[in-house]
Amino acid sequence: MSIPMTLDQDFNQFTLLFKKRTGINLALYKENQMKRRLSSLKERKGFRTFIDFYHALDKNERLLHELLEHMTINVSEFYRNAQRWEVLEKHVIPDILTRNRRPKCWSAACSTGEEPYSLALLLTAYLDPKEISILATDIDNSVIEKAKSGIYGAEAVRDVPKPYLNRYFASVSGRYAISEEIKRCVRFKPHNLLADSYEKGLDLIICRNVLIYFTDEAKESLFEKFSQSLRKGGYLFIGGSEQIFQPQRYELEPVDTFFYRKQ
């Protein structure tokens, strides 16, 4: 007679199978937080165990995509925490442009695209849109597709400065479509921060409100990779609930709240 698995064994087995299926290592996420989020979806879908849940999503791509979307809270808006974007616009970008007139920028874990498009809008104050190139990545293909469409509700664009809103957005039935000119500034692709390789020689990395999901060990690895990806003088911009302790370990120095520069 087989012995039933404990709840922890059930989740651990799910974690191993899920990594083989997707390449995503849930062990690098904060366990209690992730377990709560996945348990709520599992129970809502009517599955008793995580193993039953895994076998279902292994056969159902739509359920798998729903799980990926549920893993993180894909809530974003243009110019989220506007004061920080003002620092980016008035201090960080001008400093970057003194060294490189064609800066390489990466919006990591970009969700539905508000963040990289916000950056593109800011850069138009200094560069022709044809000169702007921003890499934007996320682990979830479904949010990348939404980002590529460039269509947003009124709440998402409420903090967009009026000159940008009037010039680069078209209002259609209460929703806002960003212009093709700005969409061409951003290149979207799927990317797993914990497993995939990073581009090098970057002038700016924006990675906000995703590090809070990871273990301390995983965050240390990410900070090391971010640092290696930045050129000297490049900047890392992180979220309001995140902080790098001992940034000098990663050859970074704090220059403003949530901004770090590669030494």
Has the stretch 228-241 got any residue that is surrounded by fewer than 20 Cβ atoms within 10 Å (Cβ to Cβ) and assigned to a helix (DSSP H, G or I)? yes
Write out, first by first residue and then by second, each pair whose Cβ atoms fall under 6 Å of each other, whose residues are 6+ apart or on separate chains, and whose first residue, in the stretch 187-202, is touching a residue at least 40 places away in the same chain (Cβ under 8 Å) and over 11 Å from I144 (Cβ atoms) while the second is open to solvent by 60 Å² or more (accessible area, probe 1.4 Å) and part of a strand (DSSP E or B). G201/R231
Count, please, the residues in the stretch 20-59 that happen to be within 27 Å of V210 (Cα to Cα), open to solvent by 30 Å² or more (accessible area, probe 1.4 Å) and either outside any loop (DSSP other than H, G, I, E, B) or in contact with a helix residue (DSSP H, G or I) (Cβ under 8 Å, 6 or more places away or on another chain) (or both). 18
Just checking, does the stretch 144-160 include any residue being of a type in the set (G, A, S), open to solvent by less than 20 Å² (accessible area, probe 1.4 Å) and out of contact with any Ser or Thr (no Cβ under 7 Å at 6 or more places or on another chain)? yes
If we keep only residues of the stretch 158-177 that are modelled with pLDDT of 95 or more and of a type in the set (A, V, I, L, M, F, W, C), then the residue nearest to R84 (Cα to Cα) is L165
May I ask you to say which residue of T124, T137 is surrounded by fewer than 20 Cβ atoms within 10 Å (Cβ to Cβ), at pLDDT 95 or above and of a type outside the set (F, W, Y)? T124
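Rundown of residues vs (1) under 26 Å from N141 (Cβ atoms); (2) not charged (D, E, K, R), yes/no style:
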site: S173; (1), (2): no, yes
site: Y198; (1), (2): yes, yes
site: L204; (1), (2): yes, yes
site: A218; (1), (2): yes, yes
site: K225; (1), (2): yes, no
Go through the stretch 175-186 and report how many residues are open to solvent by less than 50 Å² (accessible area, probe 1.4 Å) and not hydroxyl-bearing (S, T, Y). 6
Would you mention how many residues in the stretch 242-263 are open to solvent by 70 Å² or more (accessible area, probe 1.4 Å) and not in a loop (DSSP other than H, G, I, E, B)? 3
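Filter the strands (runs of 3 or more DSSP E) completely within the stretch 102-198 down to those with at least 1 residues that are closer than 18 Å to L88 by Cβ.
105-107, 134-138, 186-190
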Answer yes if at least one residue in the stretch 188-196 is at pLDDT 95 or above and on the phi > 0 side of the Ramachandran plot, and no otherwise. no
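Determine which member of the set L17, L64, L68 is at pLDDT below 85 and part of a helix (DSSP H, G or I).
Exactly one residue qualifies, and that residue is L68.
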E224 versus (1) surrounded by 15 or more Cβ atoms within 10 Å (Cβ to Cβ); (2) acidic (D, E); (3) part of a helix (DSSP H, G or I): which is the lone unmet condition? (1)
Of everything in the stretch 78-107 that's free of Cβ contacts under 8 Å to residues at least 24 places away in the same chain and more than 12 Å from Y126 (Cβ to Cβ), which residue is most open to solvent (accessible area, probe 1.4 Å)? Q83
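The values are calculated or read from the model by the stated rules, or taken from the named source; none is laboratory data. Since the model is a prediction, treat every value here as computed from it, not as a measurement. Cβ: placed from backbone, ideal geometry, glycine included. Neighbour counts: every protein chain shown. Note: accessible area is taken over every heavy atom of the protein model, side chains too, but ligands, DNA and RNA are not part of it. Shrake-Rupley method; radii C 1.70, N 1.55, O 1.52, S 1.80 Å.
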